[in-house]
Amino acid sequence: MAIKKRLIGIILIFFIAMLLSSNAAFSICPKPDYAPNELRSHIRTIIFNFLSDQASSPHSLDEIRDLLEFYRDERGNTLVSDCDVMGTRTDMPISDILAKSIAFVRECNDGFDNDKDGRIDLSDAGCTDLSDEDETNCGDSVCEEALESCSTCSFDCCGFVPSPPLLLIKNAGIDVASFDQDGFLVIKGALQQNVIPVQTSDDEFVIKDNSGNAIAVINLVTGNMAIKGSLFQNQGLLAPASSSDFVVKDASGNVLDYIDSSGNLYLRKSIVHGTPSLTVTQTIQLLQGQNLIGLTVNKGSRYLAENFLNDLNENFIAYNAESGTPPANPVTQIAKLNPSNNKYVTHTLGSPENNFPIALGAGYFITSTRPGTSTINGETASLSSIRVSTGYSLISFPQQPSGVTTADDLLQSMQSQGVDVREIDQLIGGLWKPHIIISRSLNNFQIRAGEGYLVENKGGRKTYTFIS
């Protein structure tokens, strides 16, 4: 035992020497202006305190090892790329390990008016507590120009909340214009009125009258739009003449926008300029009881468990009307798996406890008291890889993994990247359906984007790239 302790001490002292001699720089982690020397000093102090009195240290030996490994991986970089990277031994974010000994400075406890709205820290409605990292308050009808923009808070900065497009116009995969479900027109460029629209050699979306003359042109390269007539916004209910050349209707047949034969553009709402922040819709099927799902849309970094439950309830449609009117909030709980201790963390609707962030690539247990469907609106997800922790994890895929159709395809793909997952389980009607790598045909279920799965990783924490 004495030899083992002496060996551990020698190893730690060796790494401390690296910390003392290095001039590596680190990213902003514990506070916005965190200097490289401050981080090196903090890690050095944590290790020295651990060596001098392990019993009173808030850190375990595995946490110390994870800090050292984190330093080793990042010391050659100009800046630290991710303080929330998971430790390989503890499966804890490095930021959580540091936070045991370091008081992190966040926007809501730094004494500054970060979003320039005249309110500081907890006096700002954008702060929920002292650990809140974002002082902005999207939805307060004030565009906090220091940190909010059209793309990050469309309601405050653009005067509208994006909804799924009825007509989405793209060029080489880039959104150029959208006629959305609320009657807004979002265009990337500028609008010219009362001109003769001129067609160019660029790719264009052209609307013509009955005589074949262009009355509206959207340039797919510049995003600019030209109309022969005038723009009429916030028109409410629209009743276009039968001679109108271009009409946008919703699923119920209501007219949202139209261009008449004179080239006048009528909008139920208004036009928004700039890069479109267009949304897509995820449809989620919920059985009564527990469901294992993930997101296929990007909801941003401040989307929490309570937000997820509220969205599911707001858009919930019961399967069987004969079973009676569903309660006002049939979706009651959400749970995630903590890989560091294999315990579930549960958030109940309306409770302030365990209101954890919702992340792309993770799987979540959703409890519903009724079967039905719901929808979630968000931006197109662009995640291409997930981290698979040692032991059990709940995972999901925002997009269909490349070359993967079945559970066995997924296990083989993971193994080819060095991710030692040998079992994947699907939850159907409250029952687990396991697929094991040694029995390739048994329970070889379909892998689908938006479904959640339980996997067991026999090896170390690895990143699995599912979009090639």
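Every number in this text was worked out from the coordinates using simple rules, so none of it is lab data. Here the structure is a predicted model, which is why all the values come from computation and not from measurement. Every residue, glycine as well, gets a Cβ built from its backbone with ideal geometry; the counts of neighbours run over all protein chains shown.
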TODO: Mind giving me the nanometre distance, one decimal, between the label points for Arg302 and Ala359, set 7 Å out from Cα along Cα→Cβ?
DONE: 2.0 nm
- [ ] Would you mind ranking His435, His59 so that the residue whose beta carbon has the fewest other beta carbons within 10 Å leads the list?
- [x] His59, His435
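Return the loop-located trypsin sites (Lys or Arg not before Pro) in the stretch 379-460 (DSSP other than H, G, I, E, B) with at most 12 other Cβ atoms within 10 Å of their own Cβ; answer none if there are none. Show your work: numbers first, answer last.
Numbers: sites: Arg387, Arg422, Arg440, Arg448, Lys458; in loops: Arg440, Arg448, Lys458.
Taking the stretch 379-460 and a limit of 12 other Cβ atoms within 10 Å, the loop trypsin sites (Lys or Arg not before Pro) found are Lys458.
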Task: Fully extended contour minus Cα-Cα distance, from Ile438 to Lys249, at 0.36 nm per residue - done: 62.7 nm
Open item on the list: Students often check this: by mean Cβ neighbours within 10 Å, which of 210-218, 254-262, 347-355 ranks highest, and how do the rest follow?
Closed with: 254-262, 210-218, 347-355
TODO: Would you pull out the residues with amide H under 5 Å of Leu256's amide H, same chain only if 5 or more places away, H placed 1.01 Å from N?
DONE: Val248, Lys249, Asp250
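Please give me the summed charge of the neighbours of Asn264: other residues whose Cβ is under 11 Å from its Cβ, Lys and Arg +1, Asp and Glu -1. Walk me through the intermediate numbers first.
Values: positive: Lys228; negative: Asp245, Asp260.
The answer is -1.
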TODO: Show the residues, 5+ positions off or on another chain, whose built amide H is closer than 5 Å to the amide H of Lys208.
DONE: Ile215
Open item on the list: Can you sort Ser416, Ser242, Ser340 from fewest to most other Cβ atoms within 10 Å of each residue's own Cβ?
Closed with: Ser242, Ser416, Ser340
- [ ] Would you mind ranking Leu309, Leu431, Leu130, Leu383 so that the residue whose beta carbon has the fewest other beta carbons within 10 Å leads the list?
- [x] Leu431, Leu130, Leu383, Leu309
TODO: Per residue of the stretch 334-339, in order, report the coupling 6.51 cos²θ - 1.76 cosθ + 1.60 (Karplus, θ = phi - 60°) as ³J(HN,Hα) in whole Hz, putting x for Gly and Pro.
DONE: 9, 9, 10, 9, 8, x
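What FRET efficiency, computed as 1/(1 + (r/R0)^6) with R0 = 45 Å and r the Cβ-Cβ distance, is obtained for Lys100 and Ser211, rounded to the nearest 0.05?
Numbers: r = 75 Å, r/R0 = 1.66.
Rounded to the nearest 0.05, the efficiency is 0.05.
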Task: Amide H partners (placed H, <5 Å) of Ala381, local residues excluded - done: Asn298
Task: Phi to ³J(HN,Hα) by Karplus 6.51 cos²θ - 1.76 cosθ + 1.60 over the stretch 400-406, Hz, x for Gly, Pro - done: 5, x, 4, x, 10, 10, 10
